Amino acid sequence: MSEGGLEPAAAACVFPGFEGLAAPDWLRRLLADGLGGVVLFARNVRDPEQLAALTASLRAERPDLLVAVDEEGGDVTRLEATTGSSFPGNLALGAADDPALTRRVAAAIGGELASVGVNLDLAPVADVIVDPENPIVGVRSFGSDPQLVARHVAAFVEGLQGVGVAACAKHFPGHGETAADSHLELPTAEADRETLLARALPPFAAAVDAGVRVVMTAHIRYPALDDEPATLSSGLIGMLRSELGFAGLVLTDALEMRAISGTVGLEEGGVRALAAGADALCLGADRTPAEVERVQAAILDAVRSGRLPEERLREAADRVAETAAWASSPRPHRDREVGAEAARRALRVEGDTTLAGEPVVVELWPEATIAAGEARHGLGELMHAEAIRLREGDEFPSLDPGRPLVLVLRDAHRHRWQRELVAPGSIVVETGLPEWRPAGARAYVATHGSGRANLEAAAEHLEGQDPG
């Protein structure tokens, strides 16, 4: 590669995020210089019309652009961040356990992304729930059975890619193996090699077999496999290539996460990730133009000094281009009905949920995860009922004992304060992992997620309008 060809190749491997509803001048300039992709977040989305205009303006600068977004369904949505997702997330799809339904949901999500110019969905999550205390996986996983997760990962990939939107299986080789959050620290998975291969890898193998175009690496150490975190590990990325046979694009998780930026640093992390075999560097949230340009400069310096072979950079840039070419014509498709159907089929009900009178809905809201962000919708709102939202430490209000009480929990197994507030005779709606059962409640409803579709299914049931 000539010296003059280095800059576009380095730019092709960088996928930054940005602030605002329109493309800033600095981003337009970098796109013209060869930037390979961008990652959109809720802060970039007001409505479908605005988003379609934004993506069109980006492609006016660079037509062969990968526009990526985390649209998992359920708790993690960017397109419907203000209202909640019209589609349930992975745990609900795993609870229904119908791969054809999962495929249809993924196609519907992909079709809506296509209609607004997004051609890379950073989904599905292929992590297996190993430790229910893990705050970052939870309802984003299809479940705790590797084979169940594998068949639904494959179905999700097929559904998305069937409408021309590239899928991204994440977080290789599995974020479910640790309870720590890589947004905040560098986690370590302590399982032995045999366990990791048998438990964590089958969903990724299924994704590869289904033809997944992109795999995202985890910022997690797996000492049984390599001392480096997967994002920086030539051994683990090599395993993905050689043992699983993946020939597509390897994308890092966001490098500004503390697991990387707080250890080796943003620029060094980018260079090491490319050297290890990653092809594209996600620079997601809250990055300044100067930081993006410093990462590109670090890549160029590494090539010129010999730390990063030119052939490796060329290979990475080529994979970005190949993926963009594959995803150049996504096909719009709308099927909101499948979201409601899947959420209903995921609902699990125990006990008597009859409401004799106007209920009071008390929603116990824990701190939101970084991946999902703060929800702006709740069950009480959807039921048009009196709704009270409480955080940890809030005083429980005095309520009319004659009115039915509906308590909405989230991951109560992880939050003692929620468990302590469950009143005898109440109806408990668990919107997270259904790991804990309240002994004194008269009914228990598990939605397997807190997306709007999940809560609408619960509201429909509690109001006696369940068509099933």
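The values are calculated or read from the model by the stated rules, or taken from the named source; none is laboratory data. In this text the structure is predicted, and so the values were computed from the model without any measurement. When we count neighbours, we look across all protein chains shown, and the Cβ atoms used for this are built from the backbone with ideal geometry, even at glycine. All accessible areas refer to the heavy atoms of the entire protein, side chains included, with ligands and DNA or RNA removed. Shrake-Rupley method; radii C 1.70, N 1.55, O 1.52, S 1.80 Å.
Counting only Cβ charges, +1 for Lys and Arg and -1 for Asp and Glu, the dipole size of the chain around its Cα centre is about 560 debye.
Summing Cβ point charges (Lys, Arg +1; Asp, Glu -1) relative to the Cα centre of region 341-468 gives a dipole of roughly 320 debye.
Under 15 Å from a point placed 7 Å out from the Cα of GLU386 along the Cα-to-Cβ direction: which residues of region 406-449 have their backbone N that close? Answer for this model: 406-407. With loop membership from DSSP and a limit of 16 other Cβ atoms within 10 Å, the longest segment of the chain without GluC sites (Glu not before Pro) is 244-366. Shown here are the Rg and Dmax of the Cα trace of region 36-110, at 14.1, 43 Å. Of the residues LEU308, LEU249, GLN296, the one whose Cα sits farthest toward the positive end of the charge dipole of region 236-326, with +1 on the Cβ of Lys and Arg and -1 on the Cβ of Asp and Glu, is LEU308.
Counting DSSP beta bridges with both partners in region 187-287, what percentage is antiparallel, nearest 5?
25
Could you calculate the FRET efficiency of GLU435 with SER398 from 1/(1 + (r/R0)^6), where r is the beta carbon distance between them and R0 is 35 Å, rounded to 0.05? Using R0 = 35 Å, I get an efficiency of 0.70. Across bins of 10 angstrom width beginning at 0, how are the C-alpha pair distances of region 378-436 distributed, in whole percent? The calculated distribution, bin by bin, is 20, 58, 22, 0. Computed on region 1-54, with alpha-carbon pairs under 8 angstrom and 6+ residues apart, the relative contact order is 42 percent. Dipole orientation for the chain: of the candidates HIS171, VAL408, ALA107, ALA107 has the Cα lying most toward the positive pole (charges on Cβ; Lys, Arg +1; Asp, Glu -1).
Measuring r between the beta carbons of SER242 and GLU7 and using R0 = 45 Å, the FRET efficiency lands at 0.90. The stretch between ARG307 and TRP326, if pulled fully straight at 0.36 nm per residue, gains 3.8 nm over its current Cα-Cα span. Taking the DSSP bridge list for the chain and keeping only pairs wholly inside it, about 15 percent are antiparallel.
Between Rg and the Kirkwood Rh of region 45-184, both from Cα atoms, what is the Rg to Rh ratio?
0.99
At the listed q of 0.08, 0.10 Å⁻¹, the Debye profile of the chain, built from one uniform point per Cα, gives log10 I(q)/I(0) equal to -0.46, -0.70. Per-atom-type breakdown for region 166-283 gives carbon and sulfur 45% of the accessible area (1.4 Å probe, protein chains only). Protein heavy-atom accessible surface, 1.4 Å probe, per residue over the chain: 36 Å². Helical runs assigned H by DSSP (4 residues or longer) give the chain a calculated mean residue ellipticity at 222 nm of -11000 deg cm²/dmol, each run adding -39500 (n - 2.57) before division by the residue total.
Pick out, in residue order, every one of the trypsin sites (Lys or Arg not before Pro) in region 288-340 that is DSSP loop and has at most 15 other C-beta atoms within 10 Å; say none if there are none.
Within region 288-340, the qualifying trypsin sites (Lys or Arg not before Pro) (loop, at most 15 other Cβ atoms within 10 Å) are ARG307, ARG334, ARG336.
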